[in-house]
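Colleague: Here it is, the structure in full.
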Amino acid sequence: MTRRTHTALAAAIAAALTLGLGACSSTGTGGGADEGRQGVTTEGDGIIGGTPVRGGTLDVLSNVDFDQLDPARNWTMPVMDVGVRMLYRTLTTFKAAPGAEGLKIEPDLATDLGTPSDGARTWTFHLKDGLKYEDGTPIVADDIKYNVERSFSPELPGGPDYARVYLNAPAGYQGPLKGERLGKEAIEVPDDKTIVFHLKRPVAEFGYTVTLPTFAPVPRAKETGVNYSNHPVSSGPYKIESYDRGKRMVLVRNTYWDEKTDPVRKAYPDRIVVDQTLKGTGVADRLIADQGDDRDAVSYIDLVPAKISDVLTAPAVKKRLVSENAGCTTKLDMNTTKAPFDNAEVRLAMQYAVDKEAFADTMGGPAFTDVATTYLPPALTGGTPVDHFRIPPAGDQAKAKSLLTEAGFGNGFSTELLTSTGGRQQAEAIQAALKKLGINVTITTVDPTAVASIVGDKDKQPGLSIGGWCPDCPSAATFLPMIFDGRTIKDKGNQGDITRFDDPGVNAELDRIATLTDLKQADQAWLALDAKIMDKSPAVPLVWQKKPVLVGSNIAGAFAHPVWSGQLDYAVIGLKSVK
């Protein structure tokens with residue numbers, strides 16, 4: 001099949017998705033009806049199967065292990081969805097609802113959304129009564145402080161950087177594993193039910209920040225360091241009964257979880273079994289066939305492009321497909337500390353050299369992707385995509401050649417591109433486009449769980465890697481600062497600014513925008529900064545993905561959550577009926 005016919009097929013699939021299928025409503029920063037978000041569901045409220053019953057076993061079918069369940073290190077989707085919806089609770093959390101309602105937060109462990117003072121430089125939270133871990137011990141405020149401190153530990157890399165960026169912590173603080181705790185200048189715990197955060201600068205959206213797993217409790221007595229991911233102590237509705245890494249995880253009810261304290265998680269199934277031994281096509285085949293226990297199953301992974309037509313040409317299967325824009329940007333990251341990507345003209349040439357259309361076709365084409373034209377996804381630009389350079393989707397080889405020649409690389413160069421084992425086809429699309437310009441790309445594939453540790457290590461990181469970013473809440477404040485603030489770069493465990501882009505002017509503008517209290521003014525400033533960074537080109541935005549997830553016919557309460565990157569919300573999913 002040629003790329004042209006592949007594209008035509010994908011366009012036809014996109015039309016099939018659109019015609020006769022309702023779109024989940026969304027407003028505000030989450031976008032609107034003009035955003036083109038095709039919700040492939042059968043119920044008018046965007047929820048497949050209605051309200052679940054209590055009981056039974058939910059099967060989750062996957063082809064990959066969780067990279068990190070340690071709440072201090074959990075910063076990837078959909079792992080974060082699993083962690084904060086099933087295993088641990090945070091100070092606040094997002095509502096369990098599709099569309100605009102799911103963008104709202106409500107108290108979780110805390111009694112309210114936090115009380116700001118000192119011009120939003122200080123935030124105070126009080127814990128609810130009756131909160132307990134899986135062993136019955138009480139959850140206290142110092143447990144939340146302890147996990148926040150753990151996020152500073154070099155031994156526990158890869159987690160959210162917000163505490164490190166926001167808190168008034170001493171320079172060089174290295175976390176609590178060697179016994180050093182943060183002082184009152186950063187976090188106060190005046191009693192077991194009160195925690196006070198002192199920030200370096202005003203953060204009006206800090207109530208959203210504490211939805212992250214960094215702000216889940218971890219009891220010091222159960223600390224196991226790098227092994228904590230194998231069995232995080234549950235503060236949520238489920239606890240780990242068994243976990244054979246890369247094979248199978250079994251969750252059972254946490255009998256000490258009190259639903260009266262939890263407004264979001266419904267915990268319908270009695271048991272959740274995650275099978276991590278399958279292949280992507282195998283997951284799709286089982287859910288399409290919908291036999292036996294697979295009727296009680298959901299896919300943890302995206303529907304593979306090879307199975308798109310099988311799903312969309314079978315009405316009974318199509319109505320079990322959830323497909324929403326994920327609100328994320330997939331990008332080609334260039335290591336700006338490594339030649340020739342330390343040259344801004346070379347990086348700009350890459351914007352024109354890459355064939356985004358070919359890349360998108362490897363991921364299912366227009367049915368499941370839109371070509372990305374700037375870093376901020378449409379969900380953060382009012383629902384309307386911004387096309388910064390106005391480059392044709394297939395690229396502009398002549399312009400790229402001209403820029404490379406001006407930069408002194410008219411004959412091309414050689415570099416390495418790192419991706420996960422499942423990303424080879426996408427990497428080859430980039431390789432083929434760059435080869436036309438004399439750029440020789442060697443593709444290295446590694447297990448998905450190893451990607452972050454390699455690209456986050458300055459000594460191991462190659463010139464190119466395929467990554468992406470999803471906002472942690474519906475604000476550009478959780479997008480541009482996290483991936484382009486040069487002051488967050490670490491030699492090892494570098495998780496956000498993968499390009500190692502460090503521009504003093506950009507850093508200063510990030511700080512200025514963070515002080516703006518007028519949200520409309522801030523939104524305009526974020527758009528202008530996005531354009532400025534695009535001109536410096538530390539990364540090439542590739543696609544804005546939709547997330548297609550298939551579920552079994554006995555599944556209820558299934559919908560794409562707007563915050564969890566279009567992933568199913570495990571807080572409220574369950575079965576229609578129990579045997």
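The values are calculated or read from the model by the stated rules, or taken from the named source; none is laboratory data. Remember, it's a predicted structure, so these values are computed and weren't measured experimentally. Every residue, glycine as well, gets a Cβ built from its backbone with ideal geometry; the counts of neighbours run over all protein chains shown. Side chains included, ligands, DNA and RNA excluded: accessible areas come from the protein's heavy atoms. Shrake-Rupley method; radii C 1.70, N 1.55, O 1.52, S 1.80 Å.
Colleague: I need the peptides 176-188, 482-494 ranked by packing, meaning the mean over residues of other C-beta atoms within 10 angstrom, with the highest value on top.
Modeller: For the peptides 176-188, 482-494, the packing ranking is 482-494, 176-188.
Colleague: Determine the dipole magnitude for the chain: charges of +1 sit on the beta-carbon of Lys and Arg, -1 on that of Asp and Glu, nothing else is charged, the reference point is the Cα centre, and the result goes in debye to the nearest 20.
Modeller: Here the size comes out at about 700 debye.
Colleague: Modelling each spin label as a point 7 Å along the Cα-to-Cβ direction, I'd like the R487/T313 distance in nm, to one decimal.
Modeller: 5.7
Colleague: Give the ranking of L527, L510 by solvent-accessible surface, highest area first, calculated with a 1.4 Å probe.
Modeller: L527, L510
Colleague: What length, rounded to one decimal in nm, is gained on full extension from S414 through to S402, with 0.36 nm per residue of separation minus their alpha-carbon distance? Present the calculation step by step, with values, prior to reporting the outcome.
Modeller: Working: separation 12, 0.36 × 12 = 4.32 nm, distance 1.80 nm.
Gain on stretching S414 to S402: 2.5 nm.
Colleague: Check the straight Cα-Cα distances from K490 and name the lysines below 22 Å, setting aside those fewer than 8 residues away within the same chain.
Modeller: Reachable lysines: K178, K200, K331, K338, K458, K460, K536.
Colleague: So, one more: For region 301-419, what % of the accessible area comes from carbon and sulfur atoms, probe 1.4 Å?
Modeller: Roughly 53 percent of what the probe reaches on region 301-419 is carbon or sulfur.
Colleague: Please list, or write none, the aspartates and glutamates whose alpha carbon is within less than 16 Å of the alpha carbon of K184, excluding same-chain residues fewer than 8 places away.
Modeller: D118, D142, D143, E149, D192
Colleague: Sticking with this structure for a sec: So if we plug the beta-carbon distance of V226 and K460 into 1/(1 + (r/R0)^6) with R0 = 25 Å, what FRET efficiency do we get, rounded to 0.05?
Modeller: 0.85
Colleague: Further, regarding this structure: Name the residues whose placed amide hydrogens come within less than 5 Å of the amide hydrogen of L575, ignoring near sequence neighbours (fewer than 5 apart) on the same chain.
Modeller: Those lying under 5 Å, H to H, from L575 are V53, A556.
Colleague: Additional query: Report the calculated FRET efficiency for V250 and T137 (r = Cβ-Cβ distance, R0 = 35 Å), to the nearest 0.05.
Modeller: Efficiency, rounded to the nearest 0.05: 0.95.
Colleague: Let me have the 222 nm mean residue ellipticity of the chain computed from DSSP H runs of 4+ only, each contributing -39500 (n - 2.57), with the sum over all residues rounded to the nearest 500. Don't jump to the answer; show the numbers that get you there.
Modeller: Values: 16 runs with 138 residues, N = 579.
Value at 222 nm, helices only, nearest 500: -6500 deg cm²/dmol.
Colleague: Using protein chains only and a probe of 1.4 angstrom, how many square angstrom of K132 are accessible, to the nearest 10?
Modeller: Using a 1.4 Å probe on the heavy atoms, I get roughly 80 Å².
Colleague: Right, next: Take every Cα-Cα distance within region 144-233, group them into 10 Å bins from 0 onward, and report for each bin the whole-number percent of pairs it holds.
Modeller: 15, 54, 28, 2
Colleague: Can you list the lysines whose alpha carbon is less than 21 Å from that of K520, not counting same-chain residues fewer than 8 positions off?
Modeller: Those lysines meeting the cut-off are K104, K532.
Colleague: Let me ask you something else. For the chain, give the share of DSSP beta bridges that are antiparallel, in percent and rounded to the nearest 5; count only bridges with both residues there.
Modeller: So the antiparallel bridges in the chain amount to around 75 percent.
Colleague: Probe 1.4 Å, all protein chains in place: accessible area of H388 in Å², nearest 10?
Modeller: The accessible area of H388 comes to roughly 60 Å².
Colleague: Please compute the modelled spin-label separation between K184 and T337, points set 7 Å along Cα→Cβ, answer in nm with one decimal.
Modeller: With each label placed 7 Å out from Cα toward Cβ, I get 3.8 nm.
Colleague: Need the full-extension length gain, L177 to R390, defined as separation in residues times 0.36 nm minus the C-alpha distance. One decimal, nm.
Modeller: 71.7 nm
Colleague: Another question, then. Which pairs, out of K95/K307; K128/K547; K239/K492; K222/K247, put more than 29 Å between their alpha-carbon atoms?
Modeller: Working: K95/K307 32 Å; K128/K547 35 Å; K239/K492 31 Å; K222/K247 24 Å.
Too far apart for the 29 Å limit: K95/K307; K128/K547; K239/K492.
Colleague: When only C-alpha pairs under 8 Å and at least 6 residues apart count, what is the relative contact order of the chain, in percent?
Modeller: Values: 1341 pairs, mean separation 134.8, N = 579.
About 23 percent, as a whole number.
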